[in-house]
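Written below as C-alpha cells is the structure these notes are about.
The values are calculated or read from the model by the stated rules, or taken from the named source; none is laboratory data. Because the structure is predicted, anything quoted here is derived from the model rather than measured. FYI the Cβ positions are ideal-geometry reconstructions off the backbone, even for glycines, and counts take in every protein chain you see. Calculation scope for accessible area: heavy atoms of the full protein, side chains included, ligands and nucleic acids excluded. Shrake-Rupley method; radii C 1.70, N 1.55, O 1.52, S 1.80 Å.
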Amino acid sequence: MRQVPQQVAKTVQPGGPGPFPASAWPCLLLAAIGALGFLAATGATALPDAPLLLGAVLASLATGWLAHTAWSTRQASRAAMPTHACNPHQALHDHAPDGILVFAADGRVLSANPAAARLLARPAEALVGLPLSLLLAGFEPTEAAGGMDCAVALSRPGHALAADGRAIPVCISVACWCDPAGQPTYAAIVRDATEQAIAQAELADAAQATLRQAEMFAGVTAVMAQGLVAWDHEGRLMLANPTYQTLLDLPDALVRPGTHYTDIVSHMAARGELGDGDILAISEARFAAAAGGRRSVIRRDNGRCLDIEHRPLEYNGFVTTVTDTTQERELQRALSASEERFRLLAENSGDVVMLSTLDGVRQYVSPASRRVLGWPPEQLMGRTALDLIHPEDREAARAGLARLAQAGSEVLISYRFRLPDRSWLWLDVQSRRFDHPSLSGPSYISVVRDASERRRIEEALNAANAELAEAAQTDTLTGLPNRRHFAAALEREWGRAAREQLPLSVAMIDIDHFKRFNDQYGHAAGDDCLRRVAQAALESARRVTDTVARWGGEEFILLMPNTDEAGSLVVAEGLRRAVQALGIAHEGNPGFGEVTCSIGLATIWPDREGQPQSQRAWLAEADEALYAAKHAGRNRVVQRSSGAVSEAYATPA
C-alpha cells in the first residue's frame, strides 16, 4: 500500500465536528446540496418518503466521503509540489456546471464561479459586492443567515436576473459553513431550470387540453341521438350516456359504473325482449357475442327497433352503440312497397318505361316494349337511345339529351323509331332527370308512347286549319285573295320596299255602273261578271310578287312591288283593256255598251322624304285617283303623283 506522507497524514486527522475531519465537510456539504437539488429538480414539492430521503442522504454522504478521500489523497501526493500547483477547491468552484455564488451574512456576493457569470450575463468580478437580492428573485439571503450550523439551509425555485433583463427559471440550493474563526459563510448553488419550466408548462397545457377534450366528449355524448357505453375487459360498465339508458329503458341502478354487462342483459331478458330461454344462458351468450364484436337487433315492446353494435378495444374492453333504426326501417319498407307498385305499373302500362344514364345507355326497359315497340326489353337494354332513331330526328334527340344534363330538367321530344320490320313508328318520349343514391350515377326516366295516332290526327287537323286559313283569306265568289290577305301582303312588301329603297305601286279598280248591270241582268249574271273581271285582273298581274285581291263589291285592288309610276301605268292600262276585251254586254254603261272599268294609281317610295308616311294615306291617294277617273268619264286610268291627279290613258268607245 502507498505510504501517505507525514505532513499529509496530519491533514486527515479528525478535526471537524462528528466522525469526519474538518476538511471533509465541504465535500459532504456539496454532496448533500446535490441530493437536495436532485429532489427539487424531480418536482418534489413536499417531504419525500423516508426511504427515498434516507437513500439520497446516504448516497450523498458516501459520494462526499469518496470525493474527500480522493481529494485528500491527491492533496497528500501534491504536498511536495510547488505553491502554484492546482487547488482542488478552486477547480471544483471553477468547473462546476451549476452557478455558485458565495455570499456573506449581509447578502453581498464574495465570489462567483464562471457558470454563475454565464447564467447572469455578467463578468464574475462584476458580481462581487452586489447584493444577492439583485441577482436572484424569490430568495432572501436573510433566510439562510438565521442560525444555520453548517448544514443545508433551503432549496427552492426562483429566477436568476440576467444583465440583459431576462428572468431565467432556476433551482436555488443554499448551504452554509463556518470558517476556522467560526464565521459563517454561505453558498448559493443555482441550476438553470429553463427546460424543466418549459416541460412543466407543456405538461400543464396538455393537462388543460385533456380536460377540455374530456368536457367536450362528455357534452357530445350527452346530446347524441345514439346510445354509447364503454365496458372494461371484465365486462363492467365504465361510462354510459343518457341516450343509452333512455333507448333501453334501464333503471338508474343498472347504468352505474361497475354494473356487469350480464346484469343489463338479464334485466332485458326478464322483460321478454330477448326471446325465450334460460335468462342466465341468454346473458352469457350475449356477453360472449358482445365481447367478440357481433351485432344484434332488438325489437322492443313499444315497437322501436334498436340496432346494437359492439366494437372491441385494444385493452380488451369494448364499446357498445345503440341506434334507433325504427324510422329507417319503416322508410325501407315504404320504399320496397313503392318499388313493387312501380314495377307493377311499369309492367302493365300501355307506355314503355325506360331508365337510362345521361349518355343515353338504357339500364332498364319495361316489358311493354314488346307490345309497343316490337322489341323485347333485353334487346334494348345496353344500347343507346340514338341507335334506332330516324337519321333526320337524331339531332333533335341529341339536343334533348344535352338538356337533361341539368338537374331537375324535363324534356319532351318526338321522333321516328325503327321497328324490327324496319318500318318507322312515331313516338312521344317524356324524359326527366332522376338522381338516386342506389344508381351508379345521374340518370333519367323516360315514358315512351306510340304517337302514330296522334300524328295522324294532328296532320288532319293541320290540313283542316290550312284550309280554314286559306278560306279566311280567299274571296269565295271570285277565288281571289280577300282584303285580309291583301293587308298581310301589303305589310310584307311595304317593309321590304323600305329596307331596300324600292318603289311600291297600287291600283284601285272599279267596274263601271255595276249596280245598273245587276239591276238589268240579275245577280247571277252579276256574279259571273265579277268572276270574269277577276280572272282578267289575274292574267294582267303576271309577276309572282303581284297581288290581286277583291277589295269589296265591284272593286278590286292590285299591289305591284318594285314598280314605279311608268311601270304601273303600263300594267294598269293592260288590265283596263283586258276587261273591255271581255265583251260583256252592258247597256247601262253609256257610251260603251259593254263592261268597262276605271282605275286609280298611286306610287310611293316608303320612308323617302316627301312621300306619305302611312299606308292609309297612300291608299287614299289611289282612291282619289279612282274617283277622278270616274268623274272624267270612266273606262280610263288616272295616276296620282306627288299630290296631283293626272289622266294617263283614256280610251272611250
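Just the number: Rg to Rh for the range 560-612, Cα atoms, Kirkwood Rh, two decimals.
The Rg/Rh ratio comes out at 1.17.
So, for the range 553-605, what is the accessible surface per residue at a probe of 1.4 Å, expressed in square angstrom?
Heavy-atom SASA per residue in the range 553-605 reads 31 Å².
Once you have the Cα-Cα distance between residue 487 and residue 305, take 0.36 nm times their residue separation minus that, and quote the gain in nm to one decimal.
57.6 nm
Give me a comma-separated list of calculated 3J(HN,Hα) values for the range 269-282, in order, Karplus coefficients 6.51, -1.76, 1.60 applied at θ = phi - 60°, integers in Hz, x for any Gly or Pro.
5, 5, 7, x, 8, 10, x, 7, x, 5, 5, 5, 5, 4
Pop out the carbon and sulfur fraction of the accessible area of the range 457-581 as a percent, whole number, probe 1.4 Å.
52
Just to confirm, what accessible area per residue do you get for the range 413-471 at 1.4 Å probe, in whole Å²?
On a per-residue basis, the range 413-471 sits at 64 Å².
At 0.36 nm per residue, minus the direct Cα-Cα distance, what do residue 224 and residue 108 gain on full extension? Give it in nm, one decimal, please.
Answer, rounded to one decimal: 35.1 nm.
Once both labels are modelled 7 Å past Cα along the beta-carbon direction, what's the residue 627-residue 498 spacing in nm?
Spacing of the two 7 Å Cα→Cβ label points: 2.7 nm.
I'd like the FRET efficiency for residue 378 and residue 456, computed as 1/(1 + (r/R0)^6) with the beta carbon distance as r and R0 of 35 Å, rounded to 0.05.
0.65
Taking θ as phi - 60°, what are the ³J(HN,Hα) couplings along the range 199-205 by the Karplus curve (6.51, -1.76, 1.60), each to the nearest whole Hz, with x for Gly and Pro?
Coupling constants for the range 199-205: 5, 5, 5, 5, 5, 5, 4 Hz.
Per residue, how much accessible area does the range 283-337 show when a 1.4 Å probe rolls over the protein heavy atoms, in square angstrom?
Details: 3430 Å² over 55 residues.
Accessible area per residue, the range 283-337: 62 Å².
How fast does the range 150-222 diffuse by Stokes-Einstein, in µm²/s, taking the Kirkwood radius from C-alpha pairs at 4 °C and 1.567 mPa s?
It diffuses with D of about 82 µm²/s by this estimate.
State the Cα centre-to-centre distance between the range 454-505 and the range 347-381 in whole Å.
The distance from the Cα centre of the range 454-505 to that of the range 347-381 comes to 45 Å.
Can you send over the carbon and sulfur percentage of the accessible area for the range 217-366, probe radius 1.4 Å, protein chains only?
53
So if the hydrodynamic radius of the range 397-537 is defined as the Kirkwood radius over C-alpha pairs, what does Stokes-Einstein give as its diffusion coefficient at 25 °C and 0.890 mPa s, in µm² per second?
114
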